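> Mind having a look at this structure? Questions to follow.
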Amino acid sequence: MEKEKSCTLLVHFDKGTPAMANEIKEALEGNEIEYKIEAMKKAILLLLNGETIPQLFITIIRYVLPSEDHIIQKLLLLYLEIIEKTDNKGKVLPEMILICQNLRNNLQHPNEFIRGVTLRFLCRIKEAEIVEPLIPSILQNLDHRHPFVRRNAVLAVMSVYRLPGGDQLLVDAPEIIEKFLSSEQDNSSKHNAFLMLFTCDEDRAVNYLFTHVDRITDWGEQLQMVVLELIKKVCRVNKGEKGKYIKIIISLLNAPSSAVIYECAGTLVSLSSAPTAVRAAASTYCQLLLSQSDNNVKLIVLDRLNELKASHREIMVELVMDVLRALSSPNLDIKRKTLDIVLDLITHRNVDEVVLMLKKEVVKTQSGEHEKNGEYRQMLVQAIHTCAIKFPEVASTVVHLLMDFLGDTNVASALDVVVFVREIIETNPKLRVSIITRLLDTFYQIRASRVCAGALWIIGEYCLSLSEVESGIVTIKQCLGDLPFFTPSEEGEDQSAQKTSQPVNSTTVSSRRPVVLADGTYATQSAVLETALSPPTLVQGSLASIGNLRSLILSGDFFLGAVVACTLTKLVLRLEEVQSLKSEVNKTTTQVLLILVSMLQLGQSSALPQPIDNDSHERIVLCIRLLCNTGDDVRKIWLQSCRESFVKMLADKQRRETEEIKAKAQTSNAQPDDLIDFYHLKSRKGMSQLELEDEVQDDLKRATGEFTNDGDDANKLNRILQLTGFSDPVYAEAYVTVHHYDIVLDVTVINRTNETLQNLCLELATMGDLKLVERPQNYTLAPQSSKQIKANIKVSSTETGVIFGNIVYETSSNVHDRSVIVLNDIHIDIMDYISPASCADVTFRTMWAEFEWENKVAVNTVIQNEKEFLDHIMKSTNMKCLTPPSALEGECGFLAANLYAKSVFGEDALVNVSIEKQGDGKLSGYIRIRSKTQGIALSLGDKITLKQKGSSV
């Protein structure tokens, strides 16, 4: 088969003004050095971009070859590197003999630069006929005084030896290089020499390594990297000897180079599962995490630690505090990834240390030095929340600290705190009294409506004693301020005053300024008259001047008003149980009723721009009715059922988390006839402790089936796509392999004719965010023969792309007539790039509000069961349902669920499924997709439209 043409040089070429061959020829024939240099550059660019300028060769031989200028000589070598040196039959062109003498002169040139660049040029020559007469000169340069020449001479020897038949041209090359290596002092030359032995004579390389194993720590970084490559290669072939190589790797962990110790750690983990080796690798990663300043390096190291956590959790647990030290980085991505790793490594032994560290970090965020402190604090709160749920004994040490942040300006962080407190107060009954006391003391600091609502629910549910109930009612009354919220009579007087005295007061109106009235509302006052001359204007104003609840309700937040009403109702109902004096109960009930009526009055007045919504109105009215006429059944619903529902929700959440952990746990199965070695029966003769550990771990893996890796053959067959028809002269099919950032097409082309096909070329083009990275090659295909052609395509975003193209060829009977076969399109599936992921409900809603691209797909399916349709959509889109299963249970005729997935490029895909069963049994509704980029929204929409019909599609 014809070999693909190699490309050793890439230079950007601007096609705007291509140089003419005649201009280049004139400049080369002149005497000006600068013009010759520019002409040579232009000639090289033209050749690299497919132009053939055969007439320039003789001109360059005559006028450029004799030049002594170093730049011209370097450009001459680049020119000789890229020109065609063989004819169609693969024989070297006769004119190439002209350059051999020049190359020999260069290899004996007094200047070391000329020698070095010529030797480097010879590394890229694949024609043995050109290289053969130069071999004596190449070998002479191994003894040159300058290391630049020697290191390139070694590479030239390796290149010659690796040519087809090169082992006959240089029979004793490995022996020569081994002698050279033993006496060489230059690190770069030693690297190249060892690389030659590693590539061409592995046994000599291994022999040299063990001969000089004591000095390996003094070798240069490049040489140590080649040693690691050698160890990996040898151990892959001969696993029985890896014990002695692991000791070499562990000795290299003390090397000064960060690159070397990173490679050492990776090699250790890949070769051995022995606890000593894995612990050394993990410690090395932790050391790199702290010593490296580059954020990208830190993220890569954290990825490696995350992989270790999955396979060697018990060892990573020991290093959890070392990993936590990465929180000192200012980068939020590093902090987030560090916390994710640490939270999976918490045990009873280290939870106190971890929580103490997290508490210190929370305190640090109070200083406003960093603009993203609020977001970081939210992450820390969530991490502490997770620790406290897993290990309730630590809750008492953190809950009071976190409650200081209920009034945080970062609403998301404060919301996480109140959710944490709500869960802890239920799961830790011993902390109930202290949490309620602290919450009532700090309630006035809360400024966010949603946080207030959560805190009010806690007060309503967990104030149980007489003192707590009374304190709860007093706190809420203080935050609401004096009643009423506004005075209707003042409004009427102001309107009549406006009608009668508007002209009289025209001079005083201009001097009005805002004033806070007795009830806390805003009005305007005159500089002359201390009375309000306009209707009261209810503005939120300064939150410091009035109660937080009053301010939020006056801004029109009647949902919060309804929460206040429910909380006060619960407190009054509980007061009836704990207060023996009926008069005190009646007095408090009357005060609460006055508050509820005042809120209704405010909501129905014209002083606010928006009236109260119907839901909040009904809720407040229900509370008023309940307080006027209570019954045992209603009391049970309000005081017990709400808590029971919350307890069920927590239990359901815990059950789902447990199921997810079980699902993630890998179950390995050993085959019935697998060989099992027994630890106590193993021969220990001549084995170190590390080697023994490694052997035992391998046996364990073999026994548990961890070495077994069954390929999914059916899945591979599904990825084979037919590109042409069976009746076409050329049959082609492609096997598509999708990696994270690139696609490899392995195309099999079969010549089904009885003629030789010449200049056969697979021409591909792409649509979407796909990019071809290689230029197509021409091939010659014998009758009834086949050819494997590989094409690499880069992917830059999650979007459904299309690859299309054709096969062009010439037949031997009609060379001038080119035939074209159009190929079937290859559609790249978005499902290869997205995977199910989880996120908090608050985060989902925030992203839903922020993302600008939405694709709305109408439901059109033959499936008649709502849950079955949701499962079908989840399977088709490779997404995870964030809505808990308990919320989807039951038959109610409609279903709403949120789905979430993340792409390999870090893009978020949000889907909301809202469906309803019609009278005829069919499902109707919409599926809404939102994302930050247009491509993923459109591609997911197309996928859902195609797949939603039913499982048969």
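> The stretch 725-773 to the stretch 53-108: how many Å between their Cα centroids?
Cα centres, the stretch 725-773 to the stretch 53-108: 36 Å.
> Based on the mean of other beta carbon atoms within 10 Å per residue, what is the order of 379-391, 871-883, most packed first?
379-391, 871-883
> While we're here: With unit charges on the beta carbons (Lys and Arg positive, Asp and Glu negative) and the dipole taken about the Cα centre of the stretch 813-888, which residue among 824, 888, 878 sits farthest to the positive side?
Projecting each Cα onto the dipole axis, the largest value belongs to 888.
> While we're looking at this one, here's another question. Which whole-Hz ³J(HN,Hα) couplings does the stretch 875-882 yield from phi under the Karplus relation 6.51 cos²θ - 1.76 cosθ + 1.60, θ = phi - 60°, glycine and proline marked x?
5, 6, 9, 6, 10, 10, 7, 7
> Counting pairs of alpha carbon atoms under 8 Å apart in space and at least six apart in sequence, what relative contact order in percent does the stretch 718-828 give?
Answer for the stretch 718-828 is 27 percent.
> I would also like to ask the following. For the stretch 208-317, run through the chymotrypsin sites (Phe, Trp or Tyr not before Pro) and keep only the ones in DSSP coil with at most 11 other Cβ atoms within 10 Å of their Cβ.
Here no loop site has a sparse enough neighbourhood.
> Report the net charge of residues surrounding residue 848, where surrounding means a beta-carbon distance below 14 angstrom and charges are Lys +1, Arg +1, Asp -1, Glu -1.
0
> Sorting check: for 147-158, 467-478, 901-912, which peptide has the highest mean count of neighbouring beta carbons within 10 Å, and how do the rest follow?
My ranking of the peptides, most packed first, is 147-158, 901-912, 467-478.
> Report the Cα centroid-to-centroid distance between the stretch 431-448 and the stretch 266-335 in angstrom, as an integer.
Cα centroid to Cα centroid, the span is 40 Å.
> Please report, in debye to the nearest 20, how large the charge dipole of the stretch 350-462 is about its Cα centre when each Lys and Arg carries +1 at its beta carbon and each Asp and Glu carries -1 there.
Dipole magnitude for the stretch 350-462 comes out near 140 debye.
> How large is ³J(HN,Hα) for each residue in the stretch 273-286, as worked out from phi by the Karplus curve 6.51 cos²θ - 1.76 cosθ + 1.60 (θ = phi - 60°), to whole Hz, x for Gly and Pro?
Calculated HN-Hα couplings, in order: 10, 5, x, 4, 5, 5, 5, 5, 5, 5, 4, 5, 4, 5 Hz.
> Turning to a different aspect of this structure: I need the phi-derived Karplus couplings for the stretch 424-429: 6.51 cos²θ - 1.76 cosθ + 1.60, θ = phi - 60°, integer Hz, Gly and Pro marked x.
Ordered by residue, 3J(HN,Hα) equals 5, 5, 7, 7, 10, x Hz.
> Nearest 0.05, what FRET efficiency do residue 237 and residue 62 give at R0 = 51 Å with Cβ-Cβ as r?
Efficiency at R0 = 51 Å is approximately 0.45.
> Under a point spin-label approximation (7 Å from Cα along Cα-to-Cβ), what is the residue 649-residue 871 distance to one decimal in nm?
Each label point is offset 7 Å from its Cα along the Cβ direction, giving 2.7 nm.
> With a sphere of radius 13 Å drawn around the Cβ of residue 450, what net charge do the other residues whose Cβ falls strictly inside it have (Lys, Arg +1; Asp, Glu -1)?
Overall, the nearby charge balance is -1.
> Of 89, 190, which has the most accessible area and how do the rest follow, probe 1.4 Å?
From most exposed to least exposed: 89, 190.
> Still on this structure: Given +1 on the Cβ of Lys and Arg, -1 on the Cβ of Asp and Glu, and no further charges, what dipole in debye does the stretch 832-948 carry about its Cα centre, rounded to the nearest 20?
140
The values are calculated or read from the model by the stated rules, or taken from the named source; none is laboratory data. Bear in mind the structure is a predicted one, so any value in this text is a computation, not a measurement. A quick note on method: Cβ atoms are made from the backbone with ideal geometry, for glycine too, and the neighbour counts reach across all protein chains shown. For accessibility, only protein heavy atoms count, side chains too; no ligands or nucleic acids. Shrake-Rupley method; radii C 1.70, N 1.55, O 1.52, S 1.80 Å.
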